[in-house]
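Take a look at the structure set out below.
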Amino acid sequence: MTKTHPPSIIAIDGPAASGKSTLGLKLAQALGYLFFDTGVMYRAITWLALDRDIDVRDEAQITALAEGTPIDVAPASRSDGRVCDVLVGGKDITWETRLPIVDANVSVVSAYPGVRAALSKQQRRIGQRGRVVMVGRDIGTVVLPEADLKIYLDASAEERARRRYNELIARGANVKYEDILAKVIERDRIDSTRDVAPLKAAPDAIIIDSDKMSIDEVFEKVLALCK
Ligand code: DC
């Protein structure tokens with residue numbers, strides 16, 4: 001049973017490529033709620049730093065960048081596969097945030113406490129308005145512990161690497177499954193061992209393992225919890 005019924009604030013957390021965004025978007029559309037994928041904010045700061053030749057190991061400069069950069073996350077303005085628009089200073093950086101170079105550096109950036117404080121504050125403000133499906137790593141534990149429904153969507157590293165591999169191949173990338181699996185495992189390690197807001201299920205989260213379930217099955221299960 002959720003705290004308010006139907007739940008107004010829905011938090012979906014879990015590791016990279018567990019299907020959180022697909023589930024969150026479908027759920028938000030079904031309920032007429034705002035969909036907010038918080039990972040795009042960490043990605044936006046990472047891309048901006050790389051674009052400006054700031055060393056991602058320079059915690060002070062990266063933190064200043066996060067504190068001084070308002071990021072707009074808006075409903076998708078184009079049907080080119082995006083789930084939302086990511087804008088900084090009016091510039092559309094949606095696809096830049098998905099570059100492999102961002103994947104490779106975002107875990108380091110998102111481990112900085114000052115970066116997390118700055119971005120969590122922006123996320124919390126949006127989430128507290130309600131009628132929202134918010135996706136991330138620490139939504140149910142840190143950003144919105146008062147969420148009405150908390151889902152922790154899990155899947156094995158192999159299954160998640162396979163999904164990411166298929167996505168990239170479909171987009172025409174030349175990648176190897178083994179390399180992707182190694183990166184998934186490394187990102188899991190950084191995300192779940194960092195000092196601030198590590199990836200973990202909230203004690204009151206409903207844990208769903210999507211290894212043997214299709215995204216539609218997961219969606220139906222979560223929708224039933226909302227109704
Ligand atoms: O979900 P994603 O792959 O777009 O997330 C990108 C990175 O941001 C990932 O390393 C985890 C981090 N992240 C986080 O620490 N907290 C969040 N609420 C969302 C993402």
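The values are calculated or read from the model by the stated rules, or taken from the named source; none is laboratory data. A quick note: this is a predicted structure, and the numbers were derived from the prediction, not measured. Cβ sites come from the backbone with ideal geometry, for glycine too, and all protein chains shown count toward neighbours. For the accessible areas, the whole protein counts, side chains as well, though only heavy atoms, and no ligand, DNA or RNA atoms are used. Shrake-Rupley method; radii C 1.70, N 1.55, O 1.52, S 1.80 Å.
Residue by residue, here is whether (1) over 18 Å from Ala201 (Cα atoms); (2) in contact (Cβ under 8 Å) with a residue 12 or more places away in the chain; (3) surrounded by fewer than 18 Cβ atoms within 10 Å (Cβ to Cβ) holds:
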| site | (1), (2), (3) |
| --- | --- |
| Val86 | yes, yes, no |
| Trp95 | yes, yes, yes |
| Ala111 | no, yes, no |
| Val133 | no, yes, no |
| Thr141 | no, yes, no |
| Ala155 | no, yes, no |
Item to complete: For region 128-181, enumerate the residues that are among the hydrophobic types (A, V, I, L, M, F, W, C) and away from the ligand (no atom under 15 Å from the Cβ).
Response: Leu149, Ile169, Ala170, Ala173, Val175, Leu181
Item to complete: Take region 29-60 and flag every residue that is more than 23 Å from Tyr112 (Cα to Cα) and within 16 Å of the ligand (Cβ to nearest atom).
Response: Leu34, Phe35
Worksheet item: Got a number for residues in region 68-96 being touching a strand residue (DSSP E or B) at 6+ places or on another chain (Cβ under 7 Å), more than 17 Å from Arg52 (Cβ to Cβ) and within 16 Å of the ligand (Cβ to nearest atom)?
Response: 6
Fill in: Verdict on Leu99 being crowded, with 20+ Cβ neighbours inside 10 Å and either without any contact (Cβ under 8 Å) to a residue 24 or more places away in the chain or more than 10 Å from the ligand (Cβ to nearest atom) (or both)
no
Item to complete: Starting from region 214-227, take each residue that is free of Cβ contacts under 8 Å to residues at least 40 places away in the same chain and list its partners that are open to solvent by 60 Å² or more (accessible area, probe 1.4 Å) and among the charged types (D, E, K, R), counting only C-beta distances under 9 angstrom and pairs at least six apart or across chains.
Response: Asp216/Lys26
Worksheet item: Out of (1) on the phi > 0 side of the Ramachandran plot; (2) open to solvent by 40 Å² or more (accessible area, probe 1.4 Å); (3) within 14 Å of the ligand (Cβ to nearest atom), the odd one out for Ala197 is which?
Response: (2)
Discussion item. Just checking, does region 166-179 include any residue being surrounded by 18 or more Cβ atoms within 10 Å (Cβ to Cβ) and not β-branched (Val, Ile, Thr)?
Written reply: no
